[in-house]
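First comes the structure, then the notes that go with it.
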Amino acid sequence: MLERQRRADLESRRDGVRDAYAAFTTDILAVLDRPALNDVGTPETERLILALVAARDVRTAPNTTDYAARVITLEIAWKAADQHARKAGIKYLAPAERRAVQQARHLLTTALDDAGNTHERHAAYQKAIKLIGTIIDIPHEAVAAVEASTRRVLLRK
């Protein structure tokens with residue numbers, strides 16, 4: 001029984017990190033604020049991705065000791081990658097890329113604002129996605145989430 005409870009706790013902890021990272025990848029504004037967390041060329045993010053895979057791979061192992069070690073490594077990797085991305089913000093991008101991210105953020109805010117007219121919001125969204133795609137890799141989950149919320153906003157009018 002104790003072993004089953006330990007495994008459930010480990011599952012919950014792994015799922016917590018996985019869910020937090022998934023929430024990040026579906027929030028395009030977060031991706032714009034913390035692009036390093038989406039950049040596997042960043043050592044902290046690379047370690048996070050490897051830790052996610054390693055925890056998944058030993059998840060069903062009969063011995064929870066290996067799984068526990070992988071979950072602890074995953075939690076540490078998540079904290080390190082997230083802290084690094086928050087601290088770096090967009091500062092690690094070239095000046096032209098930083099300006100483009102700021103412009104894209106403004107365009108997305110316009111696209112999601114109920115106060116603007118439908119045409120303006122749709123045009124702002126299209127410009128933002130095109131601009132962002134030239135600067136950073138946008139997780140497809142983030143694009144899908146923005147498209148869904150933009151569609152809802154645009155259809156309300």
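I want to confirm something. Restricting to segment 13-35 and keeping residues that are charged (D, E, K, R) and over 17 Å from GLU97 (Cβ atoms), which single residue is surrounded by the fewest Cβ atoms within 10 Å (Cβ to Cβ)?
ASP19
Quick one: LYS91 ticks every box in (1) part of a loop (DSSP other than H, G, I, E, B); (2) within 22 Å of ALA22 (Cβ to Cβ) except a single one, so which number is it?
Unmet for LYS91, out of (1) part of a loop (DSSP other than H, G, I, E, B); (2) within 22 Å of ALA22 (Cβ to Cβ): (2).
Contact list please: Cβ distance under 6 Å, first residue in segment 45-58 and over 18 Å from THR25 (Cα atoms), second residue open to solvent by 60 Å² or more (accessible area, probe 1.4 Å), pairs at least six apart or on different chains.
From residues that are over 18 Å from THR25 (Cα atoms), the pairs are ALA54/ARG70; ALA55/ARG70; VAL58/ASP66; VAL58/ARG70.
Residues to consider are ALA80, ALA55, ALA85; find the one that is in a helix (DSSP H, G or I) and either open to solvent by 30 Å² or more (accessible area, probe 1.4 Å) or out of contact with any helix residue (DSSP H, G or I) (no Cβ under 8 Å at 6 or more places or on another chain) (or both).
The unique qualifying residue is ALA80.
Going residue by residue through segment 36-43, is there one that turns out to be surrounded by fewer than 17 Cβ atoms within 10 Å (Cβ to Cβ) and assigned to a helix (DSSP H, G or I)?
Yes, some residue in segment 36-43 is surrounded by fewer than 17 Cβ atoms within 10 Å (Cβ to Cβ) and assigned to a helix (DSSP H, G or I).
Any residue at all in segment 2-11 that is within 19 Å of the chain's Cα centre (by Cα) and open to solvent by 40 Å² or more (accessible area, probe 1.4 Å)?
Scanning segment 2-11, I find no residue that is within 19 Å of the chain's Cα centre (by Cα) and open to solvent by 40 Å² or more (accessible area, probe 1.4 Å), so the answer is no.
So, in segment 94-117, exactly how many residues are open to solvent by less than 70 Å² (accessible area, probe 1.4 Å), in a helix (DSSP H, G or I) and touching a residue at least 24 places away in the same chain (Cβ under 8 Å)?
7
The values are calculated or read from the model by the stated rules, or taken from the named source; none is laboratory data. As the structure is a computational prediction, the values presented were derived from the model and not from experiment. Ideal geometry is used to build each Cβ from the backbone, glycine not excepted, and the neighbour counts take in all protein chains shown. The accessibility values were calculated without ligands, DNA or RNA, using every heavy atom of the protein model including side chains. Shrake-Rupley method; radii C 1.70, N 1.55, O 1.52, S 1.80 Å.
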